[in-house]
Amino acid sequence: MIYFLQIMMGLFIVVFQTTSPGQAVPLLSSYDMMVVFVLGLGLFRPLKEGVIIAVICGLAMDVYSGAPPWYYFVTYCWVYVAARWLPSFLHADNIIFMALFCGGGVLFQESFLHLCVFLLKSRPDVLIESLKQSGAAALSGAVTGPLIIWVHNTIVKRETKRQDRRERFV
């Protein structure tokens, strides 16, 4: 049931950020919120659960976006690997580190996309504009990312408690 819940939350993020209500909130529409979702999976969920959800969300975003093939799948996998590796050195529960993780993950994804565009167009004005856009997206991710992770963890904890209560009485 937890897998289904998390896949539904991931699909909700995909639908929210691609529809007009998601685009109406400039702070949330300037970056890919799924990066923060995958980052939260890597930081706080078990390995098997996180890999399955990250792969499904990456494939779903690749299907629904106009990005280069396998772009989201590859970036989500790298963000997930980094999220599993970084807590061995830093405290994931610290709000400052979590904001830095979110901003760094968003910056990685934006830089990867803009690098692809820059290599195809190779114009200097494209580089300056993409640096501005990447910086704004990383700042937005650092501000709103910990809130998205907190909401995600709260929903999953409530569902886990609800399932535990039900299983005791069976």
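Any read-out appearing in this document is the output of simple, stated calculations on the displayed coordinates, not a laboratory observation. Just so you know, these numbers come straight off a predicted model, no measurement behind them. Positions of Cβ are backbone-derived with ideal geometry, glycine not excepted, and every protein chain shown enters the neighbour counts.
With the gyration tensor restricted to C-alpha atoms of the chain, the semi-axes of the equivalent ellipsoid amount to 29, 17, 15 Å, longest first.
Once the Cα atoms of helix 33-44 and of the chain are each reduced to a long axis, what angle between those two axes, in degrees from 0 to 90 to the nearest 10, is obtained? Result, in degrees: 50. Separation of region 20-59 and region 62-92, taken as the distance between their Cα centroids, equals 9 angstrom.
Can you tell me the 0 to 90 degree angle between the C-alpha axis of helix 124-168 and the longest principal axis of the chain, rounded to 10? Rounded to the nearest ten degrees, it is 10. Modelled label positions at T154 and L115, each set 7 Å beyond Cα in the direction of Cβ, lie 3.6 nm from each other. Counted without the sites themselves, the longest stretch of the chain free of chymotrypsin sites (Phe, Trp or Tyr not before Pro) in a DSSP loop having at most 13 other beta carbon atoms within 10 Å is 90-168. Using only side-chain charges placed at the Cβ, +1 for Lys and Arg and -1 for Asp and Glu, the dipole size of the chain relative to its Cα centre rounds to 520 debye. Helix 47-64 and the longest principal axis of the Cα set of the chain meet at an angle near 50°.
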